[in-house]
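Read through the structure below, which is laid out as C-alpha cells, and then see the notes.
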Amino acid sequence: MVSAFYRDTWAEINLDHIYDNVFAMKQYIREDMKLCAVVKANGYGHGAFEVAQTAIEAGAEWLAVAFLDEAVALRKKGIQVPILILGAIRAGDAGLAAEYDISVTVFSNEWLQEAESYIPNNASLPVHIKCDTGMGRLGYREIEQIKRAEQLIKQSSAFTLEGCFTHFATADEIDTEYYEKQYAKFIELLSALSELPPLVHSSNSASSFRFEKAWFNGIRLGISMYGLSPSPEMKELLPYPLKEALTLHTKIVNVKQIEAGASVSYGATYQADKQEWIATLPIGYADGWIRKLSGQEVIIDGIRMPIVGRVCMDQCMVRLPKYYPVGTHVTLIGKDGKEKVSVDEIAERLQTINYEVICSISSRVPRVFKRNGSVQSVSNSLL
Ligand SMILES: *Cc1c(COP(=O)(O)O)cnc(C)c1O
C-alpha cells in the first residue's frame, strides 16, 4: 500500500528499530513467556498495523489496544493474533468483539450479566479479568467480586476465561514501595481465583525491565518497543539499549530576508534585531507541533536553529544563520550530522512525557515506513 503525499512534512518510522526493540525484549524474558505488543493510539503514533506486523515478526504473540475500534481496524487489515482491548467496551458491543475474536477486559459483574445476552449462541468471548491493585482506573478491588466474576464467566458458554491482569502506577519510579503494595495486592486477588487462567500478566515496559517476579507468563510492551525510556529515571536502568523508531521531518517552503525591527507570526511577538534570514516550515499545531514549541530548535544542515514567533496551525518560522534554499531538509525530531533532537528533549521542553509527544503527532502527518533500510510503504490518512 503506497499512497502519496504532497506536503513536505512526514514522520519516518524505522520498523527495523521496532523489530530490534521487540527482539531484544524477547531475548531478555524467559522463553515460555508471551510478549504482547501494545499498539493502542495508532501504535503510539507510529502506525498500529505496521508496528503490529513488525512486532509479530520479531516474536510478539499477541497485541493490545485501548478500544474496540482499534482492534476491529487491525482485524480488518488481516491481523490474526490475539488482540486484547485494555479499556472498557459497551456490553452491547460484546457480540461484535466475539465475532472478530477480540479479547476484552472485564471489571464489572453487571457488565458480564448484561453482555452475555449480546453474544450469539455459537460464540464465546475471550475475557481477561482486570484487577485494580492501586491504579484506581479499571478493575476489581474486592475478593468477593472477583470470585463472583470467575463464577459468572465459567458458568456461561458465552465467555472464555483467557487471562487475569493488573497495571502498575509507579513501575517507572526509583522508589518501589507503592509498586510492592500493588504487587502484593495482585497476588492476593489472584489467590481468590479457583485456578489461574492461561495468561496472567501485569508488567508494562518499566516493570518488565525491573521486576522478573511480575512477569508471570506474559508482559505488555509499549513505550520501549518504540525505543523510548518509560521515564527519565529509568534510562540508567535499561537492561539493553533502545532504538528510537520515530523521526519527524519537513522541508523549507519559503526563505526571505527581513529587516531589523520586522516581526514574525501572530501577535508580532518576535522582532528581528538585525537583518535576518527567516524560513517557513509547513508544520504547525494541527500536526501536533504545538504552540509551546516556539523557541524549540530544529536541525538544518547539521546545525540547530530556533523556531521564532508563534507556531501557527499549519506553519512555523525558523531563523537561519545564512541563506538556505527552498526544499532544504529540516529535522524536527531525529539526527542530522552531529546534532540530535530526541523525543525526550521535546517532552522536557513541554513539561510532559515522551508518550504524549509521539501520540500527539496528528493523523495529518504522513507516515513513511522503512524496513531493511528502505521505504516499505507510506500511509497518508487523507488520501
Ligand atoms: C499502555 C499500557 C501498557 C503499555 O505501557 P508502556 O509503559 O508503554 O510499556 C501496558 N498495560 C496497560 C494496561 C496499558 O494501558
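The values are calculated or read from the model by the stated rules, or taken from the named source; none is laboratory data. Please read these numbers as outputs of a predicted model, since none were measured by experiment. Glycine also receives a Cβ, built like all others from the backbone with ideal geometry; neighbour counts cover every protein chain displayed.
Give the stretch 332-360 a look and list any residue that's away from the ligand (no atom under 16 Å from the Cβ), buried (at least 19 other Cβ atoms within 10 Å of the Cβ) and either farther than 22 Å from residue 301 by Cβ or aliphatic (A, V, I, L, M) (or both), or say none. Spell out the reasoning first.
Within the stretch 332-360, the first condition is being away from the ligand (no atom under 16 Å from the Cβ), and the residues that meet it are 332-342, 345-346, 348-351.
With the extra rule that they be buried (at least 19 other Cβ atoms within 10 Å of the Cβ), the set shrinks to 332-334, 336, 341, 346.
The answer is 332, 333, 341, 346.
Of all residues in the stretch 92-151, how many are of a type outside the set (S, T, N, Q), within 16 Å of residue 191 (Cα to Cα) and assigned to a helix (DSSP H, G or I)? Break it down into steps so the answer makes sense when it comes.
Pass one, the stretch 92-151, residues of a type outside the set (S, T, N, Q): 92-102, 104, 106-107, 110-112, 114-116, 118-120, 123, 125-132, 134-144, 146-150.
Adding the requirement that they be within 16 Å of residue 191 (Cα to Cα) leaves 128-132, 139-144, 146-150.
Pick out the ones that are also assigned to a helix (DSSP H, G or I) and you get 143-144, 146-150.
Qualifying residue count for the region: 7.
Which of the residues that make up the stretch 244-262 are surrounded by fewer than 17 Cβ atoms within 10 Å (Cβ to Cβ) and of a type outside the set (A, V, I, L, M, F, W, C)?
Those that are surrounded by fewer than 17 Cβ atoms within 10 Å (Cβ to Cβ) and of a type outside the set (A, V, I, L, M, F, W, C): 254, 256, 257, 259, 261.
If a residue has to be part of a loop (DSSP other than H, G, I, E, B), more than 7 Å from the ligand (Cβ to nearest atom) and under 23 Å from residue 42 (Cα atoms) to count, how many in the stretch 211-230 make the cut?
3
Considering only residues that are among the polar types (S, T, N, Q) and within 17 Å of residue 235 (Cα to Cα), which ones fall in the stretch 165-212? Show your work before the answer.
Looking only at the stretch 165-212, we keep the residues that are among the polar types (S, T, N, Q), and these are 166, 170, 176, 182, 191, 194, 202-205, 207-208.
Scanning the stretch 165-212 gives 170, 176, 204, 205, 207, 208.
How about the stretch 133-168: which of its residues are aromatic (Phe, Trp, Tyr) and within 13 Å of residue 193 (Cβ to Cβ)? Outline the logic, then answer.
Step one: of the stretch 133-168, the residues aromatic (Phe, Trp, Tyr) are 140, 159, 165, 168.
140, 165, listed by residue number.
Please tell me if residue 341 is more than 17 Å from the chain's Cα centre (by Cα) and free of Cβ contacts under 8 Å to residues at least 24 places away in the same chain.
No: the conditions fail for residue 341.
Looking only at residues in the stretch 48-83 that are among the aromatic types (Phe, Trp, Tyr) and without any contact (Cβ under 8 Å) to a residue 40 or more places away in the chain, which one is farthest from residue 25 (Cα to Cα)? Can you show your working first?
Step one: of the stretch 48-83, the residues among the aromatic types (Phe, Trp, Tyr) are 49, 62, 67.
Restricting the remaining residues to those that are without any contact (Cβ under 8 Å) to a residue 40 or more places away in the chain gives 49, 67.
Working: 49: 20, 67: 25 Å.
Per the criteria, the residue is 67.
Taking the stretch 63-83 on its own, how many of its residues are buried (at least 18 other Cβ atoms within 10 Å of the Cβ), within 19 Å of residue 45 (Cα to Cα) and of a type outside the set (Val, Ile, Thr)? Step through it out loud before you land on a result.
Initially, the stretch 63-83 is screened for residues buried (at least 18 other Cβ atoms within 10 Å of the Cβ), giving 63-65, 68, 70-72, 74, 79, 82-83.
Next, from what is left, pick out any that are within 19 Å of residue 45 (Cα to Cα): 63-65, 68, 70-72, 74, 79, 83.
Now drop any that are not of a type outside the set (Val, Ile, Thr), which leaves 63-64, 68, 70-71, 74.
Adding up the residues that qualify gives 6.
Using the structure shown, decide if residue 193 is at pLDDT below 95, in contact with a helix residue (DSSP H, G or I) (Cβ under 9 Å, 6 or more places away or on another chain), among the aliphatic types (A, V, I, L, M) and surrounded by fewer than 20 Cβ atoms within 10 Å (Cβ to Cβ). Break it down into steps so the answer makes sense when it comes.
Numbers: at pLDDT below 95: no; in contact with a helix residue (DSSP H, G or I) (Cβ under 9 Å, 6 or more places away or on another chain): yes; among the aliphatic types (A, V, I, L, M): yes; surrounded by fewer than 20 Cβ atoms within 10 Å (Cβ to Cβ): yes.
So residue 193 fails the test.
Where residues in the stretch 27-42 are more than 26 Å from residue 375 (Cβ to Cβ) and part of a helix (DSSP H, G or I), which of them is nearest to the ligand (Cβ to nearest atom)?
First, pick out the residues of the stretch 27-42 that are more than 26 Å from residue 375 (Cβ to Cβ): 27-36.
Now restrict to residues that are part of a helix (DSSP H, G or I): 27-28.
On the way: 27: 17, 28: 14 Å.
The extreme case among them is 28.
Kindly indicate whether any position in the stretch 188-210 is in a helix (DSSP H, G or I), closer than 24 Å to residue 151 by Cα and of a type in the set (A, V, I, L, M).
Among the residues of the stretch 188-210, at least one is in a helix (DSSP H, G or I), closer than 24 Å to residue 151 by Cα and of a type in the set (A, V, I, L, M), which makes the answer yes.
Here is a list of conditions, (1) in contact with a helix residue (DSSP H, G or I) (Cβ under 7 Å, 6 or more places away or on another chain); (2) away from the ligand (no atom under 12 Å from the Cβ); (3) assigned to a helix (DSSP H, G or I); (4) over 30 Å from residue 123 (Cβ atoms), and residue 21 meets all of them except one; can you say which number that is?
If we test residue 21 against (1) in contact with a helix residue (DSSP H, G or I) (Cβ under 7 Å, 6 or more places away or on another chain); (2) away from the ligand (no atom under 12 Å from the Cβ); (3) assigned to a helix (DSSP H, G or I); (4) over 30 Å from residue 123 (Cβ atoms), just (2) comes out false.
So in the stretch 163-182, with the set limited to residues that are charged (D, E, K, R) and either in contact (Cβ under 8 Å) with a residue 60 or more places away in the chain or under 21 Å from residue 354 (Cα atoms) (or both), which one is surrounded by the fewest Cβ atoms within 10 Å (Cβ to Cβ)?
Start the filter on the stretch 163-182 by keeping residues that are charged (D, E, K, R), which leaves 172-173, 175, 177, 180-181.
This time we only want the ones that are either in contact (Cβ under 8 Å) with a residue 60 or more places away in the chain or under 21 Å from residue 354 (Cα atoms) (or both), so: 172-173, 175.
Details: 172: 22, 173: 16, 175: 9.
This residue is 175.
Every residue, every condition in (1) in a loop (DSSP other than H, G, I, E, B); (2) more than 25 Å from the chain's Cα centre (by Cα); (3) over 25 Å from residue 273 (Cα atoms), yes or no:
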{"position": "310", "(1), (2), (3)": "yes, yes, no"}
{"position": "318", "(1), (2), (3)": "no, yes, no"}
{"position": "325", "(1), (2), (3)": "yes, yes, no"}
{"position": "352", "(1), (2), (3)": "yes, no, yes"}
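Which of the residues that make up the stretch 64-96 are touching a Pro at 6+ places or on another chain (Cβ under 9 Å) and closer than 24 Å to residue 132 by Cβ? Full working, then the answer.
Step one: of the stretch 64-96, the residues touching a Pro at 6+ places or on another chain (Cβ under 9 Å) are 82, 84, 95.
82, 84 - these are the residues of the stretch 64-96 that are touching a Pro at 6+ places or on another chain (Cβ under 9 Å) and closer than 24 Å to residue 132 by Cβ.
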